[in-house]
1. Semi-axes of the equivalent ellipsoid of region 205-359: what are they in whole Å, largest first, if each equals the square root of 5 times a C-alpha gyration tensor eigenvalue?
2. Which order do the peptides 552-563, 381-392, 202-213 take when ranked by the mean count of other beta-carbon atoms within 10 Å per residue, highest first?
3. For the chain, what is the convex hull volume of the alpha-carbon atoms per residue, in Å³?
4. Using a/c under 1.5 as the rounded threshold, could you call region 72-115 rounded, prolate or oblate? The axes a ≥ b ≥ c are square roots of the C-alpha gyration tensor eigenvalues, and prolate needs a/b larger than b/c, oblate otherwise.
5. On a 0 to 90° scale, report how tilted helix 873-884 is relative to the longest principal axis of the chain, with both axes built from alpha carbons and the result rounded to the nearest 10.
6. On a C-alpha basis, how far is the centre of region 828-855 from the centre of region 650-686 in Å? Whole number, if you could?
7. To the nearest 0.05, how large is the calculated FRET efficiency for residue 854 and residue 832 if R₀ is 30 Å and r is the Cβ-Cβ distance?
8. Pop the C-beta distance of residue 584 and residue 739 into the FRET formula with R0 = 51 Å and round what comes out to the nearest 0.05.
Ligand code: B3K
Ligand code: ZN
């Protein structure tokens, strides 16, 4: 806990570790209140380091004994200070034997060794291994591990660690043991153990090279019937990495373990992935289509880390995007390929870009803005951000866009050839891409070093006489904390031209032989001009196709041009984009109208365009659903000078209601026509139909017609899957029918009783109530008193508290400041329990300076109240940066 700003770590201060570890042997005597750990580590002096001391890290450890080369050490043979243990004047080769005591039952931070439902789990990334023993806990120190687990046989029948099981047996006093050996060198953050009463689904699976491997999914007994999808996802992941990147599973055994208390989504520990139950458990009764899709993508993500992260890891934590950006890109491509269609790929792309814009663009414009490869941090856990992950993935995608799929693959092959078994940097990755393709990519490095979302301005001029089209592209990048001057980026801008019939026109430049229908321009200077010849008529320009770069495009296009793109663009992404731009334009002027107390109106051209999309049965239901979903409140707010959450909310509600009224017949048709046939299947086709059907339902429920309320109640009762059931309930609650319609009143309780024993569904129950436009702090405070609520379980805390603070914009930013008071109270309490989760909650206030003046005061007050407390390093860093921005 700290009351002043914690020390800052700088990327440029990197120095190699003074000693390197070759082997570590760990023995755990597991018990909830006191666990004994003996670590025997073989170290040798690193010739690349000038530091003479052995430096080990340890946090919250009870050190019992430390011996070096057989001799017990006592101070001043060693010194401990501020999380470091130093041994001066050590010989070049040493064996350290260190005994420590841990108290897993007291560990609420869920880092290091902790308990969940009575079972033992570990989480070591980024710096949790130092909560287990003293060790050079940094990713560039890689060692081989043997791990012996000893525990009570009855309570902890299953004992797991990384690698292969080499020995097991009984011990006196009802205890037993298991010994595991991981043949691969790894950094300490990839260490894991699990001990407890678990069961597994297992399968033998044949790899492309003919080897048989054992795959297991471990869960608590009552969850065994929810593991099939995770197992399928794992097998698909293995196949995909073999085919797309020629990468094979290197172990004989690969395990996934589900745990219900977990700080994030999942963790890629070598051979022993540990997952939040949320990203493992599924059956039609408890999981939605989105859950099914998320599970497939997270299982893929963690599996893909085995090569991008584990075999080749990061030199230091500033390089985090080396593994995260790359692995997110890989999981995005995996999910896209799994849809099996071009429109499926487009759906996936749109969803990913939506996330980027909703979460990463604001981050890049706020107090926590940082480059994809950050330059400094106080707490590394705060830098597992959408910038490092999602923008990082966009950066990787741009290599592929610039070099082509084959060129990208060549770069990946060279990267593994050069760096397998090493801890490397983002620059090493760039070099592999450049060298494999014989290209100078030095300018591209700026994507790693410069923060902020670049703006790309496009101007187009058509010369009728000469039949040429001139495009002037220029770029700029806003200032971000610590970066006032920015250099031009290398930006791939994919372009297409539509003729008056909506057909793609060939793109030819002077001297070109081929004239493709879409081409990627490379913008590398502040401003550049591109001229196309033989352009038969004045085209409508389709710019930044498939979102070819993570930038904000500024290009004036008329409503007519956007309508043309919306109905004809061969690039699905830009069809969707045109619809969003049309909607956003209106939402912004509606917000202004609300603020000025003017009458709100919506033009019929827009309504007709929406009708056309809704009734275009040639277009995939999933794409229609995306096109008909209005930009979120945060997206709209981002585009205003001063954020007025209440006005934005009213504007959006008005538009939704108007679309509901004017397209009532069409929505009803969509609801009826998109029912799925037969047993539930979470395929992209069926999921897309359900999404459109349930969007239609949500629009219909905005109308003052009890018949639609009853239709939703009926859907709730007859649904054979969680997607349909949850959608019906959510729409009923959010549109107020649970207050207005007696038959609907009992539904939330009914839902609760039905799923009382399914924690993940109860999370949904809390979250749907917290995100209702009708839920204020009083509603949420009441829910916090519910016996099923606890701040200690991250999923539960997120469902209710984050649901309200992050995802209920209008109510959280209530004019009386009640949302901010609620936020500060819970943040302070949560910080004492779990700093990592608390620091995420702290991020709700990122944008406080951009809100209307009447909100800024109470926001600042709430921030100051938090700041006066003694806080964790995690939360202190966020609050400090938020206040001082
Ligand atoms: N690598 C982990 C994240 C660890 C977060 C530590 N605070 C999960 C992932 O990205 O796959
Ligand atoms: Zn990851």
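1. On the way: eigenvalues 90, 84, 60 Å².
The three semi-axes for region 205-359 are 21, 20, 17 Å.
2. Working: 552-563: 15.3, 381-392: 23.7, 202-213: 11.8.
For the peptides 552-563, 381-392, 202-213, the packing ranking is 381-392, 552-563, 202-213.
3. Values: hull volume 149.1 nm³, N = 885.
In the chain, the Cα hull volume divided by residue count equals 168 Å³.
4. Numbers: a/c = 2.84, a/b = 2.31, b/c = 1.23.
Cα axes put region 72-115 in the prolate bin.
5. The answer is roughly 40 degrees.
6. One Cα centre to the other: 35 Å.
7. The value I calculate is 0.40.
8. Values: r = 31 Å, r/R0 = 0.62.
Efficiency, rounded to the nearest 0.05: 0.95.
Any read-out appearing in this document is the output of simple, stated calculations on the displayed coordinates, not a laboratory observation. Model, not experiment: these values are computed from the prediction. Virtual Cβ from ideal backbone geometry, glycine too; neighbours counted across all protein chains shown.
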